[in-house]
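J.: To start, I am sharing the structure in question, which I have written as structure tokens.
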Amino acid sequence: MADSPSKEVGIIVALAERFETQRLPRALALKAQVERGERLSDQDIKFLDQVFSEAGQIRTLLDKHPEWRPLVAQVVSLYQEITERALANEKAAGKP
């Protein structure tokens with residue numbers, strides 16, 4: 001059963017709020033951490049896995065609400081920067 005437009009908007013608002021209050025601060029902290037050359041903890045990696053998993057679940061909403069695509073693209077870019085730098089840090093620490 002398809003979600004009604006008002007329900008979809010409610011979901012988007014909730015996701016945006018959660019991103020602003022929880023995901024973005026944590027992502028910025030992780031970015032600073034990897035930029036200092038630090039490695040991610042198991043908890044950090046679990047957080048990123050959860051974020052990527054949830055991102056896959058909102059694709060249908062993005063198809064219906066393309067106005068959110070630019071913001072989502074910026075968010076994906078931020079997480080990509082974090083994971084690429086984290087991988088480089090792991091390699092530098094001798095962990096392939």
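J.: Which links in LYS7/LYS64; LYS7/LYS46; LYS46/LYS91 stretch past 24 Å when you go from one Cα to the other?
T.: Correct reply: LYS7/LYS46.
J.: Taking LYS31 as the anchor, which aspartates and glutamates have their alpha carbon closer than 13 Å to its alpha carbon, excluding any fewer than eight residues away along the same chain?
T.: ASP44, GLU81, GLU84
J.: While we're on this one: Give me the one-decimal nm value for the distance between modelled label points at ALA93 and ARG36, 7 Å along each residue's Cα-to-Cβ direction.
T.: 1.3 nm
J.: Still on this structure: Could you work out the relative contact order of segment 33-96? I mean the mean sequence separation of Cα pairs under 8 Å and 6+ apart, divided by the number of residues, in percent.
T.: 56 percent
J.: Moving on to the next point. Please give me the summed charge of the neighbours of LEU40: other residues whose Cβ is under 10 Å from its Cβ, Lys and Arg +1, Asp and Glu -1.
T.: That sum, taken over residues with Cβ under 10 Å, equals -1.
Here, each number is a calculation from the coordinates, and none is a lab measurement. The structure displayed is predicted, hence computed values, not measured ones. When we count neighbours, we look across all protein chains shown, and the Cβ atoms used for this are built from the backbone with ideal geometry, even at glycine.
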